[in-house]
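Take a look at the structure set out below.
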Amino acid sequence: MNRPLALAACLLSLSVGTTLADAATITWTRIGALAGAADIAGCTDGRIYVRTDDGNLHLNRNPAGGAAWERFTWVANYGSLTCANNVLYYFTPEGALFRTDGSPLGLPNVFVDWFRSTREIAGGTALAFIFPVARFLRLDHGGAVLTASDPTGVWAQVGTAGGAQHLAVGGGFMDWRAYAKNTDNSVWENAGQGCDPYWRNLGTRASLDDLSAYHLDRLIALDHDDSIHLGTITHERREIQVTHTELAAFANPLLAGTRLRAHGSSATFTPSGAMAAFGLAGVTFPLPEASFRWWEFGTTYSTNNINLSRFTIGLDGSHVTLDAVFEEAGLELLTSNGVFPNIDISDFRGRLSLSGQVGRCGQPDFSATGAVFNGAFHGVDNVFSFVVAEMNGGIRTRVQDELRNGGNSLLANSASQLALQQAMLGFAQFRTGGGPWSHIVGPTFRVDGGRMRFSVER
């Protein structure tokens, strides 16, 4: 078995949402205690808020430096705290969310909204260059996890976390992550902004009562004995650069056997056995019928059967390219008026350009942004040969219109995106050796100058 395929077989055992052999570690440092502490929240500027079981709110502006606790108001002996954009929020069990006016000792008496089906809301702060951006996670009673940048705006469900008891959000430069404390006191990290496939177990803290975060990879733990601890998550990180030749040598053996079949108004994508093992499932999706008018004779040719195989992948400038070959008689055109015969075309090739960007889950997503077709007629009368340029132009126009009008039915499939990401992680392991990498650091991903660059962590 060659090395890429051997690696593919190795990766079959890699599951998501589990403990990895080379998982990150957390180093905990005790910074103090507050009698009766019941709930905790950390802010990006270093402030820590605690609600005690008598309903009082306390602030410590620099607990690691030995600062004193300041009691400044009373709320109730229930509810949870969180901090986003250095603004304190208070969430009641009845589902009411309040916030302060933004001052450190402000009262959380500004009503935000009702969330009656919600168990907890957690907030944090990411930096979009120099601008702070709030990020919120919501855990509903049924276990659904939703995200929003404004609690009064649109919430999007990104997954489920039925075992989660508390959520936390930690932000950094152009990135943020979700953290969770489960009912068994295990601590989890999510590098996919709460999306299901990206939860990873960081271990168990038996004494843990509540969990918060004040920065990316910086946690705050409230233990059973009212002690407070700062947690630092340590990852191993490596930058990966992939050239066109390296990508082709790794990926193309995995693509061998992948096929696309289209007939009429639908198309079926069948991945190779190696890609199916990565989690990329076959899928059937609608395909608008493409027709091309031969202007000189008033004849319209429409596509009937399309059979694509021999897929190869590469890099071109700032795009990932996916090439495919139409099989013998793989593109069949049917005439509209019967004056001229139907045409079967062979030796016809197509190239799809894919653009990569950080998607909703904070991981690289790919979408099709352009297409080029080239081919020639074989075994038919030369009278048809001058149709090639017009036909290519017609196909290209139709494909580009479909891309602009929300195409990418196949690439929109979450399993497709996850399989592509797993392939990138597989290449990183192939390049660096050692155990598997747990996730891609989404904001580091880019394609430029014919190279793909991204960082991985474990």
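Read the figures in this text as sums done on the coordinates, not as results from a lab. Not measured: the values here are computed from a predicted model. Cβ coordinates were reconstructed from backbone atoms using ideal geometry, including for glycine residues, and neighbour counts include every protein chain displayed.
Spin-label pair Thr27-Ala415: with each label point 7 Å from Cα along the Cα-Cβ axis, the two points sit 4.3 nm from one another. The ellipsoid that matches the Cα gyration tensor of region 414-458 has semi-axes, each √(5λ) in whole angstrom, of 16, 14, 10, with the longest given first. Computed over region 130-195, the P(r) tail beyond 15 angstrom holds 50 percent of alpha carbon pairs.
Close amide H contacts of Gln193 (hydrogens built in the peptide plane, cut-off under 5 Å, sequence separation of 5 or more or a different chain): Ala178. Taking 0.36 nm per residue of separation and subtracting the current Cα-Cα distance, fully stretching the chain between Asn252 and Arg116 would add 43.9 nm. Which shape class applies to region 198-262: rounded if a/c is under 1.5, otherwise prolate when a/b exceeds b/c and oblate if not, where a ≥ b ≥ c are the square roots of the Cα gyration tensor eigenvalues? Prolate, since a/c reaches 1.5 and a/b exceeds b/c. For region 94-209, the dipole from Cβ point charges (+1 on Lys and Arg, -1 on Asp and Glu) about the Cα centre works out to 140 debye, to the nearest 20. What does a probe at Thr73 reach in region 97-115, counting residues whose amide N is under 15 Å from the point 7 Å along Cα→Cβ? Zone members listed by number: 97-113. Extension gain for Ala276-His263 works out to 2.4 nm (0.36 nm per residue, less the C-alpha to C-alpha distance).
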